[in-house]
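Working notes for the structure below.
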Amino acid sequence: NKENSSSRGALIVLEGLDRCGKTSQSSRLYKYLDEQGYSVESWRFPDRNTGVGQMISSYLANQSHLDDHAIHLLFSANRWEKRMLMEDKLRSGTTLIVDRYSYSGVAFSSAKGLDIEWCKAPEIGLLAPDLVVYLDISPEKAAERGGYGGERYEQLEFQKKVAKSYLTLHDSSWKVIDATLPVEDIEEKLREIVLDSITICQKGKLLSQLR
Ligand code: 2DT
């Protein structure tokens, strides 16, 4: 029927500092939705599997050095190269759980001192998320969790700057979850917010673009 033909998946984005628990929450969420019978995929940015993604990966591992603007544009290009597939998936009814997106792009690059408007510009025209969930943890607490993997940005002083940049990006549509709560509590809150968002999208909410 008409309603079903307009039914689409939701674009769900998880953001937060390194060690906030995003990655494990996105896999728990994916598993849950999949078991519930939803059509769902788990994505992440950077997607290190593409040619651009491999350049990013070697930069993050300190195996190559790039101008701050150049790496910013590569991160953005990495999203653009997946845009069409993303749109196809959403239109065909698949919900995407995405671990980092444009907000990471802007937060990390502007934390280096790049102009924030310049950082936002290449993101314009990418698909706008239906839901952004920010897993909130202080940089100090995140550092206490240990296990920073030694990649380029995984240092307390830099994470403090990233936290500040994220703060300037928050808008009223973001859902913030205290990332220091027990994992099961975070998981439960996340499920609740995400199921709401999926329902709204199934009712035919139109895809929109980042502006
Ligand atoms: P992971 O540890 O989650 O793989 O991220 N980053 C990420 C940017 O600087 N710009 C971006 O656009 C994105 C998506 C955040 C690797 C690091 O890359 C940073 C951490």
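A short reminder: the numbers here are calculations on the coordinates, not readings from a lab. Remember, predicted model here, so these are calculated numbers, not experimental data. Every residue, glycine among them, receives a Cβ derived from its backbone with ideal geometry; neighbour counts consider all protein chains shown.
So what is Rg over Rh here for segment 17-134, counting just Cα atoms and using Kirkwood for Rh? If you can, show how the numbers build up before the last one.
Numbers: Rg = 14.9 Å, Rh = 15.3 Å.
Here the Rg-to-Rh quotient is 0.97.
Please report the antiparallel percentage of DSSP beta bridges with both residues in the chain, rounded to the nearest 5.
Values: 1 of 19 bridges.
Roughly 5 percent of the beta bridges in the chain run antiparallel, per DSSP.
Roughly how tilted is helix 51-60, in degrees to the nearest 10 and between 0 and 90, from the longest Cα axis of the chain?
40 degrees
Would you grab the residues whose amide H sits under 5 Å from the one on THR95? Only those 5+ places off in sequence or on another chain, please, with H modelled 1.01 Å from N.
For THR95, whose amide H was placed from the backbone, the distant partners under 5 Å are ALA10, SER39, VAL40, GLU41.
Considering just Cα atoms, how many Å³ per residue does the convex hull of the chain enclose? It would help to have the intermediate numbers written out before the result.
Numbers: hull volume 24.3 nm³, N = 211.
Considering the Cα atoms of the chain, their hull volume per residue is 115 Å³.
Using alpha carbons only, what's the Rg to Rh ratio of segment 90-156 with Rh from Kirkwood? Provide the component values of the computation, followed by the final result.
Values: Rg = 14.9 Å, Rh = 14.5 Å.
In segment 90-156, Rg relative to Rh is 1.03.
Give the cross-link partners of LYS205 among the aspartates and glutamates, using a straight C-alpha distance below 16 Å as the criterion and excluding same-chain residues fewer than 8 apart.
In chain and number order, the partners are GLU3, GLU87, ASP88, ASP130, ASP196.
Relative to the longest principal Cα axis of the chain, at what angle does helix 102-111 sit, 0 to 90 degrees, rounded to 10?
It is inclined by approximately 20 degrees.
Taking the Cα centre of segment 37-88 as the origin, how large is its charge dipole in debye, to the nearest 20, when only Lys and Arg (+1) and Asp and Glu (-1) carry charge on their Cβ atoms?
On the way: 5 positive and 7 negative charges, 20 e Å.
Using Cβ point charges on Lys, Arg, Asp and Glu, segment 37-88 gives about 100 debye.
Please compare each pair in LYS31/LYS120; LYS120/LYS161; LYS141/LYS175; LYS89/LYS175; LYS82/LYS189; LYS31/LYS112 to a cut-off of 27 Å on the Cα-Cα distance and tell me which ones are over it.
On the way: LYS31/LYS120 32 Å; LYS120/LYS161 17 Å; LYS141/LYS175 20 Å; LYS89/LYS175 24 Å; LYS82/LYS189 29 Å; LYS31/LYS112 35 Å.
Exceeds cut-off: LYS31/LYS120; LYS82/LYS189; LYS31/LYS112.
With unit charges on the beta carbons (Lys and Arg positive, Asp and Glu negative) and the dipole taken about the Cα centre of segment 68-183, which residue among HIS170, GLY149, LEU90 sits farthest to the positive side?
The residue sitting farthest along the positive end of the dipole is LEU90.
Cut-off is 10 Å between beta-carbons; in what order do THR199, THR23 appear when sorted fewest neighbours first?
Details: THR199 11, THR23 16.
Arranged by neighbour count, lowest to highest, THR199, THR23 become THR199, THR23.
Can you give me the C-alpha center-to-center distance between segment 145-211 and segment 117-143, rounded to a whole angstrom?
Rounded to whole Å, the Cα centres lie 7 Å apart.
What are the equivalent ellipsoid semi-axes of segment 81-127, built from the alpha-carbon gyration tensor (square roots of five times its eigenvalues), in whole angstrom, biggest first?
Working: eigenvalues 134, 25, 8 Å².
The answer is 26, 11, 6 Å, longest axis first.
How long are the three semi-axes of the equivalent ellipsoid for segment 92-211, computed from the Cα gyration tensor as the root of 5 times each eigenvalue, in whole Å, largest first?
Those come to 26, 21, 11 Å.
Short version: ³J(HN,Hα) in whole Hz for each residue of segment 197-205, in order, from phi by Karplus 6.51 cos²θ - 1.76 cosθ + 1.60 (θ = phi - 60°), x for Gly and Pro, what are they?
Coupling constants for segment 197-205: 5, 4, 4, 4, 5, 5, 6, x, 4 Hz.
Counting only Cα atoms, I'd like the Rg/Rh figure for segment 140-211, Kirkwood definition for Rh. Don't skip to the end; give the middle numbers.
Working: Rg = 16.2 Å, Rh = 15.3 Å.
My calculation puts Rg/Rh at 1.06.
If the only charges are +1 at each Lys and Arg Cβ and -1 at each Asp and Glu Cβ, what is the size of the charge dipole of the chain around the Cα centre, to the nearest 20 debye? Intermediate results must be reported in sequence, preceding the final value.
On the way: 28 positive and 31 negative charges, 83 e Å.
The calculation lands at about 400 debye.
Could you give the dipole magnitude of segment 106-203 about its Cα centre, charging the beta-carbon of Lys and Arg +1 and that of Asp and Glu -1, in debye to the nearest 20? It would help to have the intermediate numbers written out before the result.
Working: 12 positive and 18 negative charges, 61 e Å.
Charge dipole, segment 106-203, about its Cα centre: 300 debye, nearest 20.
Cα axis of helix 156-169 to longest principal axis of the chain: angle in degrees, 0 to 90, nearest 10?
40 degrees
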